[in-house]
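The values are calculated or read from the model by the stated rules, or taken from the named source; none is laboratory data. Small disclaimer: the values here were computed from a predicted structure and weren't measured. Cβ sites come from the backbone with ideal geometry, for glycine too, and all protein chains shown count toward neighbours. For the accessible areas, the whole protein counts, side chains as well, though only heavy atoms, and no ligand, DNA or RNA atoms are used. Shrake-Rupley method; radii C 1.70, N 1.55, O 1.52, S 1.80 Å.
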Amino acid sequence: MEHAEGTSRFPVFLSALRGAIGRTPIWLVCWLVPLIFALAVALPWVQWFGDATANRYAPGSVLAALDEPFRHDHREELAGLRSQSAYVTAVLALVVMLFGVFSAGGWLQVFLERTSGHSVRRFLWGASRYFWRFARLWILTILVLSVVAWLTYAWPWKTFVAGFLFGAPDGEMEVLTSERTAIWLEWLQSGIYTAAFALVLVWGDYTRTRMAMHDTRSAIWAGLATLGLMIRYPLRSVRPMVLLLAVEWLILWLTGILSWSVNTGLADGGGWKQVLLLFLVGQFALMWRAITRGARYHAAVQVSRALVPPLAKPDPWAHRVGGPGGPQYPIDQSDEYGVSL
């Protein structure tokens, strides 16, 4: 198994990026579906703004920002539109999360197979095959994240960390004599929660990979086995994910700078070209997000193939007769014949 990880000429995270980028039809699907849901929320706003500014405002006068008279004149309509969008957005956010569960099975199906061609068809087949077992793991992940939030923001943190170690009962930072200590404690709390949150997501990726590799259905058993794997091999399991996260953040940071620059251009009287460029920058960020999501599953497959032992299954043909290469006939204790040489 040690040799299996080193067969690639590239590090795991670079090989994972190459593998995900090469599946262009798949990451295009993973980008397009959330985009369609986002358009379903945005189109009512676009239509309403088109009607509200059709005859009373000069073209482009409210492109960069809405002035106070506009907000006052349309306060009731804007409030109703926000309320309606909030409900629709909450429902579609749940649907997008379920699509993430759906697409996980598709990515793993493609990466675990050694065949090529018809990638979208194999993606959809794997997504439907593993959806319900991955949905159970998704619910388990939410429960684990709830426990993590309780540990870092509720009674355990307030009692043992803020109260016992720093002398702030019930987490009340106002009683601390040093403002620097209060700020440092809040940063520590946020940092621990962020790291634990990220580790839970990595654990979920490896658990899904194990379930797909072994074709098992128990999310709890696979999760416990994955936890043991991550404790035994912390660097080999977490390092590729950290590097992929760093690459993802770097690209998103650069796109954020470009987006801020385009937004500044809108304030200086920019037109539709700046709006189109801003849209394209945002779509590139979403595409890159879909690619790196697939790359994490590719990396999980590589590491799991190197570290996870194959599942031991009983061989129903362990006791059989028949010549090598020919038909094999199982025998059991009731057979009244033997084999002589």
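Structure data summary
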item: Full-stretch length increase - Glu179, Val95 - with 0.36 nm per residue and alpha-carbon distance subtracted; result: 25.9 nm
item: In sequence order, calculated HN-Hα J values of the stretch 289-306 (Karplus, 6.51, -1.76, 1.60; Hz; x Gly/Pro); result: 4, 5, 5, 5, 5, x, 5, 5, 5, 4, 5, 4, 5, 4, 5, 5, 5, 7
item: With every protein chain in place, the stretch 61-210: carbon and sulfur % of accessible area (1.4 Å); result: 66 percent
item: The stretch 141-261: C-alpha gyration tensor shape, a/c 1.5 cut-off, then a/b vs b/c; result: oblate
item: Theoretical gain in end-to-end length, Ala86 to Leu199 [0.36 nm per residue, Cα-Cα removed]; result: 37.7 nm
item: Heavy-atom surface of the stretch 63-185, accessible at 1.4 Å and reported per residue (Å²); result: 62 Å²
item: Ranked by how many other beta carbons lie within 10 Å on average, peptides 81-88, 145-152, 103-110 from highest; result: 103-110, 145-152, 81-88
item: Distance between modelled label sites at Phe49 and Arg71, nm, 7 Å Cα→Cβ extension; result: 1.5 nm
item: Accessible surface of the stretch 215-310 [probe 1.4 Å, protein heavy atoms]: carbon and sulfur percent; result: 73 percent
